[in-house]
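What follows is one structure encoded as structure tokens, with my remarks underneath.
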Amino acid sequence: MPRVGNDVVDLKEKETFRKSADERFVQRVFSIEERDRISAAAHPDRVLWIFWAAKEAAYKVFVKKDPSIIFAHKQFHVQPLCETYDCWTYGGFKGRFQVEHAGNVSDVGIEGNEEYIHALAREKGLLEKGSFDFFCEKIDVEEGLTQRKFFNERRLEQGSHKVLIGRKESILARLACIRKIAERLKLDPSRLEILREMTDDQLGPPFLLIDGRRANMDISLSHHGCWAAGAYSLS
């Protein structure tokens with residue numbers, strides 16, 4: 001089953017402002033080459049968050065293959081595959097990168113604009129058209145809570161006692177992913193669940209159930225600020 005990972009950064013969140021000037025953070029997270037690219041960029045904060053999101057997304061791919069991997073950001077090396085990764089236009093931005101860690105390599109695509117950055121990581125070679133899909137959308141908390149209420153009521157009506165609980169941002173990301181996959185597979189969303197297993201006191205990656213059975217489909221979820229994003233492989 002092809003593995004995917006993703007990460008989204010809300011560039012309107014205050015914690016993202018002027019982070020390139022935080023020397024302690026930059027030294028801890030980025031290699032010398034990456035720091036040089038950030039400092040030389042026309043938009044250093046944006047390039048910083050592009051590299052950050054690429055590392056986060058690639059880690060989600062690698063850890064599914066080897067759960068023992070420790071996420072030390074500096075050990076995940078980002079290499080741009082084009083020279084236009086710092087070129088932002090009114091219509092937005094797209095770029096391609098590779099992230100390497102201990103011999104593992106992931107292809108990473110980046111999209112974004114002045115509001116967000118979304119990184120989509122795939123196992124190297126997973127580039128065939130139709131082999132994966134993704135989404136990135138703004139979170140509407142009130143609408144999302146209404147969707148959760150409807151979703152939970154539908155599941156209870158069908159005799160299931162498993163309903164969506166947890167942080168509202170996480171719930172909205174799961175709901176969005178369920179909706180997208182259900183549309184793609186032409187299924188009733190109430191037949192789908194996204195769960196995470198607890199292993200060694202840590203939550204593992206999310207996985208998809210269809211009618212209570214684990215689906216042969218890898219998924220990844222991310223949320224930050226006003227944005228929720230996800231990716232899923234297609235068998």
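Okay, here's what the table says:
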read-out: Residues of segment 1-15 classified as charged (D, E, K, R) and crowded, with 16+ Cβ neighbours inside 10 Å, total; value: 3
read-out: Positions within segment 167-219 being farther than 18 Å from PHE132 by Cβ and among the hydrophobic types (A, V, I, L, M, F, W, C), in sequence order; value: ILE171, LEU172, LEU175, LEU187, LEU195, MET198, LEU203, LEU209
read-out: Residue within segment 135-147 that is at pLDDT below 75 and farther than 20 Å from HIS224 by Cβ present; value: yes
read-out: Considering residues of segment 190-225 that are in contact with a Lys or Arg (Cβ under 6 Å, 6 or more places away or on another chain) and crowded, with 17+ Cβ neighbours inside 10 Å only, the residue modelled with the lowest pLDDT; value: SER190
read-out: Sole residue being assigned to a helix (DSSP H, G or I), at pLDDT 95 or above and either closer than 17 Å to LYS65 by Cα or not polar (S, T, N, Q) (or both), chosen from ALA176, ALA182, ALA229; value: ALA182
read-out: Pair list, Cβ < 7 Å and 6+ apart or interchain, from segment 71-84 residues that are without any contact (Cβ under 8 Å) to a residue 40 or more places away in the chain to residues that are outside any loop (DSSP other than H, G, I, E, B) and of a type in the set (S, T, N, Q); value: GLN79/GLN98; LEU81/GLN98
read-out: ARG18 over 27 Å from LEU221 (Cβ atoms) and surrounded by fewer than 16 Cβ atoms within 10 Å (Cβ to Cβ); value: yes
read-out: Number of positions in segment 185-198 that are of a type outside the set (A, V, I, L, M), farther than 19 Å from ARG3 by Cα and either within 21 Å of the chain's Cα centre (by Cα) or assigned to a helix (DSSP H, G or I) (or both); value: 3
read-out: Filter result for the condition that a residue is under 22 Å from VAL8 (Cβ atoms) and either modelled with pLDDT of 95 or more or buried (at least 19 other Cβ atoms within 10 Å of the Cβ) (or both), over ALA58, ALA41; value: ALA58
read-out: Residue check for VAL108: in the same structural domain as SER31 (by TED's automatic domain parsing), of a type in the set (Val, Ile, Thr) and modelled with pLDDT of 95 or more; value: no
read-out: Hits in segment 200-235 (condition: of a type in the set (S, T, N, Q) and under 30 Å from GLU13 (Cβ atoms)); value: GLN202, SER220, SER222, SER233
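The values are calculated or read from the model by the stated rules, or taken from the named source; none is laboratory data. All of these numbers come straight from a predicted model, not from anything done at the bench. No Cβ is skipped: glycine too gets one built from the backbone with ideal geometry, and neighbour counts run over all protein chains shown.
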